[in-house]
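Structure record follows, encoded as structure tokens.
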Amino acid sequence: MSHLDDALEYFTHAARIMDVGSNIEKLLTTPVRQLKVEVALKMDDGRVEVFTGYRVQHNSARGPFKGGLRYHPQADDAEVNALASLMTWKTAVVGIPFGGGKGGVAVDPFQLSPGELERLTRRFVDQIHFVIGPSLDIPAPDVNTNSQTMAWIADQYGKYSGGFEPGVVTGKPIQINGSQGREEATGRGVAFCARWALEDLGLPVDGATVAIQGFGNVGSWAARTLGEWGVRLVQVGDHAAYLANPEGFDAEALAAHVAASPERSVKGFPGADASSAEELFAADVDVLIPAALGGVITEQVARSVRAKVMVEGANGPTVPAAHRLLVDKGVTVIPDILANAGGVTVSYFEWVQNTQRYYWEKEEVNQRLERILRKAWDRVMGLGSKHKLDPRTAAFILAIREVGTAASLRGI
Ligand code: NAD
């Protein structure tokens, strides 16, 4: 099963409970536009390499397409399609006026020099500039892309649009019209969800334990925020190493270590025991946070999970059969379309600020973020408890209702 099959299965499960009808079902499962481009790049040594790039625009019934751009060797049609559809549901769950889209380039960015990475990004924009724009489709950072990538995209796009238009991307550096609080927003949102789930279960937050796979943007900010509330990070892992520390890692020091490491990894962090992915997922912790790639929580992994709460920092980390197993085991699973929606929420704030040319303080951003996520949390959990649905099914039902209504109102 591909990530696309997984995303479709979750959608279909909710759509059939709602009985939305085949017309709406067809409309909501078909992307509006799928662009595939070949990005030719002149390497530093004079060779030419060609990388495949994608931009999928899934649905814009509720507003402009919105979604990240990832650089990863495994980026392909099915993955980008699945991720684009998740963005449609995510923006609807948190009630921000965007649709869903996603992009990717099949490349290992760690094999490129900074100059090659910049040229690749600019060449990619050359090929997709006519389908993006502040009121059309607004990319953002995702796996292996960051604020620097967004700065290059905005600059290159400006060469086509007749001037620098900051609202064409979000997740930009603060100095070029980025928003306070955007970098940490997804991880903060993940942390809020972990806290609220523990509170709903009547478990203490201070002193709780967490295991996190992925210590990039999402994982590290989730760890740092949870750390502020006394939650101990006892297992952590990424593409290069898995580490354990029963006393709890210093998340700030670990983040500084990753930032300084050439591999951008937790590998080599002092004072930790060696661990493995199997040990991390099976750890006896209160909260488990997959915050790396999709499809990692398989049925086999789900069987081993001992956490009481799993918060999906990553997009699509859990395959449907594993999700059913976890729900049956009594694990509270907070789905990606709610759990990691903090990023797109502050992206929306960034876009609003760009439009107004008026910028907010970090406290204001953080307060507004918490308010929006809490409202979405209450709606999802309220619907779930009213109809005895797991949080993922409830979140999908809410989202499908919003997008379906918008599509019907606008007409085909
Ligand atoms: P990132 O590039 O900053 O970090 C990715 C992390 O995953 C790194 O720690 C990396 O080492 C790890 N990783 C990569 N391959 C791995 C592997 N094979 N095994 C174990 N670990 C591996 O990316 P990010 O922005 O933190 O995104 C992480 C996840 O969160 C992705 O699924 C992404 O789609 C999702 N997400 C990100 C945002 C955002 O705002 N950045 C928003 C919503 C969802």
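The values are calculated or read from the model by the stated rules, or taken from the named source; none is laboratory data. Values in this document were obtained by computation on a predicted structure and should not be read as measured data. When we count neighbours, we look across all protein chains shown, and the Cβ atoms used for this are built from the backbone with ideal geometry, even at glycine. Please note that ligands, DNA and RNA were not included when accessible areas were found on the heavy atoms of the full protein model with its side chains. Shrake-Rupley method; radii C 1.70, N 1.55, O 1.52, S 1.80 Å.
Using the structure shown, decide if Val125 is farther than 30 Å from Glu25 by Cβ, over 20 Å from the mean Cα position of the chain (by Cα) and open to solvent by less than 10 Å² (accessible area, probe 1.4 Å). Step through it out loud before you land on a result.
Values: farther than 30 Å from Glu25 by Cβ: yes; over 20 Å from the mean Cα position of the chain (by Cα): yes; open to solvent by less than 10 Å² (accessible area, probe 1.4 Å): yes.
So Val125 fits the description; yes.
Could you list, in sequence order, the residues of region 93-111 that are outside any helix (DSSP H, G or I) and either assigned by TED's automatic domain parsing to the domain that holds Glu263 or free of Cβ contacts under 8 Å to residues at least 40 places away in the same chain (or both)?
Scanning region 93-111 gives a single hit, Asp108.
Taking region 132-160, which residues are open to solvent by less than 40 Å² (accessible area, probe 1.4 Å) and more than 16 Å from the ligand (Cβ to nearest atom)? Give the steps one after another, and end with the answer.
Narrowing region 132-160 to residues open to solvent by less than 40 Å² (accessible area, probe 1.4 Å): 132-134, 137-143, 145, 149-154, 156-158.
Within region 132-160, Ile132, Gly133, Pro134, Asp137, Trp152, Ala154, Gln156, Tyr157, Gly158 qualify.
Only one of Phe349, Phe396 is buried (at least 17 other Cβ atoms within 10 Å of the Cβ), touching a helix residue (DSSP H, G or I) at 6+ places or on another chain (Cβ under 8 Å) and within 18 Å of Asn315 (Cβ to Cβ). Can you tell me which?
Details: Phe349 fails: within 18 Å of Asn315 (Cβ to Cβ).
Among Phe349, Phe396, only Phe396 is buried (at least 17 other Cβ atoms within 10 Å of the Cβ), touching a helix residue (DSSP H, G or I) at 6+ places or on another chain (Cβ under 8 Å) and within 18 Å of Asn315 (Cβ to Cβ).
Take region 210-233 and flag every residue that is over 25 Å from Pro73 (Cα atoms), in a strand (DSSP E or B) and open to solvent by less than 20 Å² (accessible area, probe 1.4 Å). Talk me through it step by step, then tell me what you get.
Keep residues of region 210-233 that are over 25 Å from Pro73 (Cα atoms), which gives 210-211, 222-233.
If we keep only those that are in a strand (DSSP E or B) too, we end up with 210-211, 232-233.
Within region 210-233, Val210, Ala211, Leu233 meet the criteria.
Considering each residue of region 167-177, count those that are assigned to a loop (DSSP other than H, G, I, E, B) and either buried (at least 24 other Cβ atoms within 10 Å of the Cβ) or among the acidic types (Asp, Glu) (or both), and give that number.
4
Which one of Gly115, Gly99 is in contact with a strand residue (DSSP E or B) (Cβ under 6 Å, 6 or more places away or on another chain) and not acidic (Asp, Glu)?
On the way: Gly115 fails: in contact with a strand residue (DSSP E or B) (Cβ under 6 Å, 6 or more places away or on another chain).
Exactly one residue qualifies, and that residue is Gly99.
Among the residues in region 12-25, are any in the same structural domain as Ala61 (by TED's automatic domain parsing), open to solvent by 70 Å² or more (accessible area, probe 1.4 Å) and closer than 17 Å to Gly100 by Cβ?
no
Quick grid of which residues meet (1) without any contact (Cβ under 8 Å) to a residue 40 or more places away in the chain; (2) not in a loop (DSSP other than H, G, I, E, B):
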site	(1), (2)
Glu278	yes, yes
Val285	no, no
Leu288	no, yes
Leu293	no, no
Gln300	yes, yes
Arg306	yes, no
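Answer yes or no: is there a residue in region 43-54 that is closer than 20 Å to Thr405 by Cβ, open to solvent by 10 Å² or more (accessible area, probe 1.4 Å) and part of a strand (DSSP E or B).
Narrowing region 43-54 to residues closer than 20 Å to Thr405 by Cβ: none.
Looking through region 43-54, none of the residues is closer than 20 Å to Thr405 by Cβ, open to solvent by 10 Å² or more (accessible area, probe 1.4 Å) and part of a strand (DSSP E or B).
Pairs needed: first member in region 183-197, on the phi < 0 side of the Ramachandran plot; second member anywhere, β-branched (Val, Ile, Thr) and near the ligand (Cβ under 10 Å from one of its atoms); C-beta distance under 6 Å; at least 6 residues apart or different chains.
Pairs found: Ala185/Val346; Thr186/Val218; Gly187/Val218.
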